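Let me begin by presenting the structure, written as C-alpha cells, before commenting on it.
Every read-out reported here was derived from the displayed coordinates using simple, explicitly stated rules and does not represent laboratory data. Note that the structure is a prediction, hence the values are computed from the model and not measured. Glycine gets a Cβ as well: all are built from the backbone with ideal geometry, and neighbour counts include every protein chain shown.
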Amino acid sequence: MKTSCDTSTLSTKALPTKALVAVGLLFNGFWLLAVLGQNDWIAVLASILVVVWWCYPASVKRVLVMALAGCLMDGLMTFTGLYQFESNFLPAWLILLWLGFSTFVWFLRHNLARYPAVWVLLAGSIGGAGSYLAGKQLGAVSWPAGDTLTLLIVTGCWLAFSGLLLLWIRICIVKEV
C-alpha cells in the first residue's frame, strides 16, 4: 500500500542528520507524553501511532514484533517484582510506549546497523536503563527491590535486549536488499 507519506529515505537508507535529529526529538516528545500523561494521554499516543503507521505501513509488522519482545521483558520484570505500576498488569500507556519506541528504532535501523555493535549495546543498555530511572523519578513506575539492584538488572536486561534487537535489525536489513 503506497501512501502520500512514503519516502525512500525512511524506508531504505540511513537517515540524514537533520531527519535523525527530528525523529529523535519526536520520539522524546512521545516518551514524555507517555510517561507524564500515562493513562490520560492514551488516545493521543494511539493517534500518533496510527498516523505514522498509515504513512509507513510496511513498518507495522516488524514494529509489532519488537514491541511484543519489549512488553515481554517488562512483563517479566513486573512479574518478578522489579517494577510496580498502578495496575497489576502492564499499563496501556507503557504498551503504547513500546510501540512508539519500536517504530522509532525501525526508522533508525539503517543508522543503527552502521555502528559497531559495542556502541549500540552500550547506548541501548545505558539509554534503556536511564529511561526507566527517569520514569521512576517522574512517578510512572516504582522499584520495590531498591534502586541499585533494579538499575543493575534493568541495565543487564537492556544490554541483552539491545543485542537481540541489533541482530534482528541486521537480519531484516539483509532481507530488504
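Of note:
- Annotation: extensible slack from A123 through L32 equals 30.8 nm (criterion: 0.36 nm per residue apart, minus Cα-Cα distance).
- Listed residues T148, C71, V21: farthest to the positive end of the dipole of the stretch 15-176 (Cβ charges): V21
- Helical content of the chain, expressed as a calculated mean residue ellipticity at 222 nm, amounts to -24000 deg cm²/dmol (DSSP H runs of 4 or more residues, -39,500 (n - 2.57) each, divided by residue number, nearest 500).
- Options G163, T80, V35, ranked by Cα towards positive dipole end of the chain, top entry (Cβ charges): G163
- Computed over the alpha-carbon atoms, the chain gives an Rg to Rh ratio of 0.96, Rh here being the Kirkwood radius from the mean inverse distance.
- The stretch 135-165-the stretch 32-60 distance, computed between alpha-carbon centres (Å): 23 Å
- Taking Cα atoms only, the orientation of helix 92-107 departs from the longest principal axis of the chain by about 40 degrees.
- Cα-based reach from K18 at 20 Å (exclusive), listing aspartates and glutamates while leaving out same-chain residues under 8 positions away: D6
- Sequence-distant residues sharing a close amide H with L90 (under 5 Å, placed H): none
- Vicinal HN-Hα couplings computed from phi for the stretch 30-44 (Karplus, 6.51 cos²θ - 1.76 cosθ + 1.60; Hz; Gly/Pro x): 4, 4, 4, 4, 5, 6, 7, x, 6, 5, 6, 10, 4, 5, 5
- Ignoring aspartates and glutamates fewer than eight residues from K136 along the same chain, the ones with Cα atoms less than 12 angstrom from its Cα are D147.
- Dipole magnitude of the chain, debye to nearest 20 (Cβ charges: Lys/Arg +1, Asp/Glu -1, about Cα centre): 680 debye
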